[in-house]
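Engineer: My questions all concern the structure below.
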Amino acid sequence: MVGHTEAMLAGATVLAAANTACVVEVVNPGKASRRRDYEVKPPKYAAAGIPVFIRVELQGDDAPRVEVFNLSGQDYELVAEGKAGNVLSLDQPFPASFDPAILAGRDR
């Protein structure tokens, strides 16, 4: 999660959606977790107005894979994605460039 500075420095233990710039979900293996991370959580974050949603997939041929979504109306729109071995560049919620391979080694 990336939160607004003022709320975090004020010592908030729980950030309200209004103080949240981005949420990141790391998909865990298992059918229930995948369903939550792909179907349940994104619409809830969008309804709360959280501007950026990032999903990290650690399983599969392209893993680790990162998908970046920006809020567009009431839904998220995929704006960037990267897989291991390729550099992913973002400008939201802040400028960053990295190879998703750094998130988890092949021996996970």
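Engineer: In this structure, does LEU90 turn out to be at negative phi and in contact with a Ser or Thr (Cβ under 8 Å, 6 or more places away or on another chain)? Explain how you work it out, then say what you get.
Structural biologist: Working: at negative phi: yes; in contact with a Ser or Thr (Cβ under 8 Å, 6 or more places away or on another chain): yes.
Taking the combined requirement at face value, the residue satisfies it.
Engineer: Now, a different point. Restricting to region 21-51, and then to whatever is among the β-branched types (Val, Ile, Thr) and touching a Ser or Thr at 6+ places or on another chain (Cβ under 9 Å), can you tell me which residue is nearest to PHE98 (Cα to Cα)? Even if it seems obvious, please write down each step before you answer.
Structural biologist: So the first thing to find is which residues in region 21-51 are among the β-branched types (Val, Ile, Thr), and the list is 23-24, 26-27, 40, 50.
Pick out the ones that are also touching a Ser or Thr at 6+ places or on another chain (Cβ under 9 Å) and you get 27, 50.
Numbers: VAL27: 19, ILE50: 23 Å.
Here the residue is VAL27.
Engineer: Something else now. Can you tell me which residue is surrounded by the most Cβ atoms within 10 Å (Cβ to Cβ) among those in region 64-96 that are in contact with a helix residue (DSSP H, G or I) (Cβ under 8 Å, 6 or more places away or on another chain) and in a loop (DSSP other than H, G, I, E, B)?
Structural biologist: Residues of region 64-96 that are in contact with a helix residue (DSSP H, G or I) (Cβ under 8 Å, 6 or more places away or on another chain), as a first pass: 64-66, 69, 71, 74-76, 82-86, 88.
Going one step further and asking which of them are in a loop (DSSP other than H, G, I, E, B), we end up with 64, 74, 84-86.
Numbers: PRO64: 23, GLN74: 9, ALA84: 18, GLY85: 9, ASN86: 13.
Of everything passing the filter in region 64-96, PRO64 is surrounded by the most Cβ atoms within 10 Å (Cβ to Cβ).
Engineer: Shifting gears a bit: Which of the following residues is under 21 Å from ASN28 (Cα atoms) and either in contact (Cβ under 8 Å) with a residue 40 or more places away in the chain or not hydrophobic (A, V, I, L, M, F, W, C) (or both): GLU57, GLU77? First the steps, then the outcome.
Structural biologist: Details: GLU77 fails: under 21 Å from ASN28 (Cα atoms).
None of the others qualify; the one that does is GLU57.
Engineer: Can you pull out every residue in region 15-44 that is β-branched (Val, Ile, Thr) and either surrounded by 13 or more Cβ atoms within 10 Å (Cβ to Cβ) or under 13 Å from VAL56 (Cα atoms) (or both)? Let's see the steps before the verdict.
Structural biologist: If we filter region 15-44 for residues that are β-branched (Val, Ile, Thr), which is where we start, we get 20, 23-24, 26-27, 40.
Listed by number, the residues that qualify are THR20, VAL23, VAL24, VAL26, VAL27.
Engineer: Does ALA12 meet the test of being exposed (fewer than 14 other Cβ atoms within 10 Å of the Cβ), part of a loop (DSSP other than H, G, I, E, B) and at pLDDT below 85? Lay out the reasoning, then the answer.
Structural biologist: On the way: exposed (fewer than 14 other Cβ atoms within 10 Å of the Cβ): yes; part of a loop (DSSP other than H, G, I, E, B): yes; at pLDDT below 85: yes.
Judged against the criteria, ALA12 is a match.
Yes/no matrix, rows are residues, columns are (1) part of a loop (DSSP other than H, G, I, E, B); (2) among the charged types (D, E, K, R):
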position: ALA21; (1), (2): no, no
position: VAL26; (1), (2): no, no
position: ARG35; (1), (2): no, yes
position: PRO43; (1), (2): no, no
position: ILE50; (1), (2): yes, no
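The values are calculated or read from the model by the stated rules, or taken from the named source; none is laboratory data. Here the structure is a predicted model, which is why all the values come from computation and not from measurement. With ideal geometry, Cβ positions are generated from the backbone for all residues, glycine too; neighbour counts draw on all protein chains shown.
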